[in-house]
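Here, each number is a calculation from the coordinates, and none is a lab measurement. Model, not experiment: these values are computed from the prediction. Positions of Cβ are generated from backbone atoms using ideal geometry, with glycine treated the same way; all protein chains shown enter the neighbour counts.
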Amino acid sequence: MVTAAAAILTPIAASGPATADPAGFTKTTLHFQVLVGPDRDEPCDVIGDVYKPDSASASNRVPAVLTTNGFGGSKNDQAGIASFLASRGYAVLAYSGLGFGGSGCKIHMDNPDYDGRAASELVSFLGGRDGMAFVDPAHTVPVPGLDYVVQDATAHHGAAEAHDPRVGMVGGSYGGAVQFAAASVDPRIDTIIPMITWNDLSYSLAPNGTDQTTGVSTSVPGASKVVWSLMFGAIGVTNPRVEGYTQDPVRALGCPNFADPACAALAQAAVQGYPDPGSVDFLRQSSVVSYADRVKIPVLIMQGQQDTLFDLNESKATFETLQAQGNDVKMIWHSWGHSDLTPAEGEISMKDPNPDTQYETGRMVDWFDHYLKDSAVDTGPVFSYFRSWVDYTGNAAPAYAESTDVSVGQDYSLYLSGNGALTDRLDGIVPGAQTLNTLPGGLPTDREAPDTRPENQVSQGLIPGTQAEWSSGILDAPVDVVGAPTLDVRVTAAPAVAGVEDSVVVFAKLYDVAPDGTETLINGQVAPVRIVAPGEPVQVTMPAIVHRFDEGHRVRLVVAGGDPSFRGSLVPHQVTIASGDPGQALVLPVTG
């Protein structure tokens, strides 16, 4: 599933040192010697493909685009987007990220000192620097830096820099986060288009719906996404396979193919169910939340509604941070994501891109043309989001709502009543409480196996006595939700809680119940809640959604004692949730 993240940029296989393409460009595979690390003294071999438009020359310079793969992928995954952009007059360098796809060194989770510096070195090559590109992995046959890319007189910090090309970046997931890392260390990069990526990796892999400090970051760790975390570990360790470890034995030492702290973080996810402070620090070092103030360029964020790995809240946190510091930043919430990588009709296709018939492809082209070719083309609305309930044919533009503000919904409160109802009437509330149990060892309370696909996330096979639920009445009109629902509850628990180690962990979920009783967990989203002070009011920020509860449907809120995709608290608890006063409410951001 994680490797599929790279598939958003559909691979087109190619080999050999140089090949001509009928679309009007030539592709050459090269090896680059880059220096990474805090002191830039650790050498790595990076393999990449250079796409040169036929029109490009020293007397007819073109702008450039740098792109790299998602986790577990390679430069070949970028061939579709690279070919497309090259055919439109961009010089493109598609490369395999550190630790993947034939490139050396270990995986550092898109750390600025490693992955950011590697990208920065490649920017220098695009800007004409000699002595770093070679035909062979032994670095014996050199190739000069490019002499056909537009040069900028000043970088984005206002001063001149050597080998400064006009260059943007694009890519998804792991290939999205690296763009922020690169921009934080290199002011020569002019703009970026990160897709389906993270704001705080400690939240991504162990989210907590409460105790937010900055954006999605929390002061108390959440519950580990054991399925995603173990997949990351397995893919990362096995990616170089025997050949990679034989050619670069250092990668097998310590934590295999990962920076050493990664193994501790992965082990904690499996054993104790949450990262310790050291692991949180390691993950946040590789997260834009830690260095957004060093990213000063225009950014077009694309994030997926069908994404249980990097949810919409992460993109909103990044957007709001960048907007507050003055960046030109815009955001798209499209239909697809890590949980379902198939875009809706007319959104985007990197196998057969067409900016006229595909909404996101058109936005990407306009963005790069505006910032890299100095075109006067409009870059589109500040915020747009796909609505699955809108009928259209062809280009998905009619399904996208547009706004100048990312907070488009108005609060609609549904109060938790003691009789199990969700009611919007204050006089409909009755006092009461529901009790549920969590299991020893943080085990799931669902009997079925975990599944990251939203359509398979249903509350069937539950162990009795392990969830509380509240349901609305039958809706007499559609309710459109755009944004993050919040839940205010008061929880008590036995036995008593002393700290994070024996804290209460429950899971808040929002379902759409059809007239025939079928329940759908909206976009597969789950909000883990780690409570270290039971008895105090708790506000839970749930993952943002774009969803229509249709006429005749009902809204159902479930608080469960476990979830098959997460590791809960190791200590079992009997949890009581009070209801029956206006302070216990589910608040939906509703449009229209």
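Some points to look at:
- When only the Cβ of Lys, Arg, Asp and Glu is charged (+1, +1, -1, -1), the dipole of segment 218-368 relative to its Cα centre reaches about 360 debye.
- Rounded, prolate or oblate (a/c below 1.5 giving rounded, otherwise prolate when a/b exceeds b/c) for segment 66-195 by Cα gyration tensor: rounded
- For segment 201-286, alpha-carbon Rg and Dmax in angstrom: 14.2, 46
- Since only 29, 201, 379 are under comparison, the one whose Cα sits farthest along the positive direction of the charge dipole of the chain, derived from C-beta charges on Lys, Arg, Asp and Glu, is 29.
- Projection of the Cα convex hull of segment 126-249, averaged over all directions and equal to a quarter of that hull's surface, yields 11.2 nm².
- Note on the chain: dipole from Cβ charges, positive end direction compared against 178, 367, 534; the farthest Cα belongs to 178.
- Overall form of segment 116-191 per C-alpha gyration tensor (a/c, 1.5; a/b vs b/c): oblate
- Relative contact order of segment 410-591, pairs being alpha-carbon contacts under 8 Å that are 6 or more residues apart, as %: 41
- Within segment 410-591: Cβ-based charge dipole about Cα centre, in debye rounded to nearest 20 (Lys, Arg +1; Asp, Glu -1): 380
- Top positive-direction residue, dipole computed over segment 201-286 with Cβ charges, set 245, 280, 213: 245
- As a calculated quantity, the FRET efficiency between residue 35 and residue 154 at R0 = 25 Å, using C-beta atoms, amounts to about 0.55.
- Paramagnetic label zone (point 7 Å from Cα along Cα-to-C-beta, residue 328; backbone N under 12 Å) in segment 341-368: 367-368
- With R₀ fixed at 51 Å, the C-beta to C-beta distance from residue 403 to residue 57 puts the FRET efficiency at about 0.75.
- Cα gyration tensor category, rounded, prolate or oblate, for segment 410-591 with a/c compared to 1.5: oblate
- Couplings for segment 392-402, taken from phi via the Karplus curve 6.51 cos²θ - 1.76 cosθ + 1.60 with θ = phi - 60°, read 6, 10, x, 4, 6, 3, x, 7, 9, 7, 10 Hz in order; Gly and Pro are left as x.
- Size of charge dipole - the chain - debye, nearest 20, with Cβ of Lys, Arg +1 and Asp, Glu -1, no other charges: 620
- Evaluating 6.51 cos²θ - 1.76 cosθ + 1.60 at θ = phi - 60° for every residue in segment 312-329, the Karplus couplings come out as 5, 4, 5, 5, 5, 4, 5, 4, 5, 5, 5, 4, 5, 9, x, 5, 7, 9 Hz, glycine and proline recorded as x.
- Partner lysines whose Cα lies under 30 Å from the Cα of residue 330, excluding those fewer than 8 positions away in the same chain, are identified as 52, 75, 225, 296, 316, 351, 373, 509.
- Neighbour counts of C-beta atoms inside 10 Å place 263, 44 in the sequence 263, 44, starting with the fewest.
- Over the chain, dividing the summed -39,500 (n - 2.57) contributions of all DSSP H runs of at least 4 residues by the number of residues returns a 222 nm mean residue ellipticity of -5000 deg cm²/dmol.
- Ordering 328-339, 509-520 by mean Cβ neighbour count within 10 Å, with the highest value first, yields 328-339, 509-520.
- FRET efficiency for residue 498 and residue 463, using Cβ-Cβ distance with R0 set to 22 Å, rounded to 0.05: 0.25
- Residue separation of residue 539 and residue 516 scaled by 0.36 nm, minus their Cα-Cα distance, works out to 5.1 nm of gained length.
- Under Karplus coefficients 6.51, -1.76 and 1.60, residue-wise ³J(HN,Hα) of segment 523-529 in Hz, glycine/proline x: 6, x, 7, 9, 10, x, 10
- Between residue 169 and 66, 191, 192, 193, the built amide H atoms are under 5 Å apart, and every one of these is 5 or more places off in sequence or on another chain.
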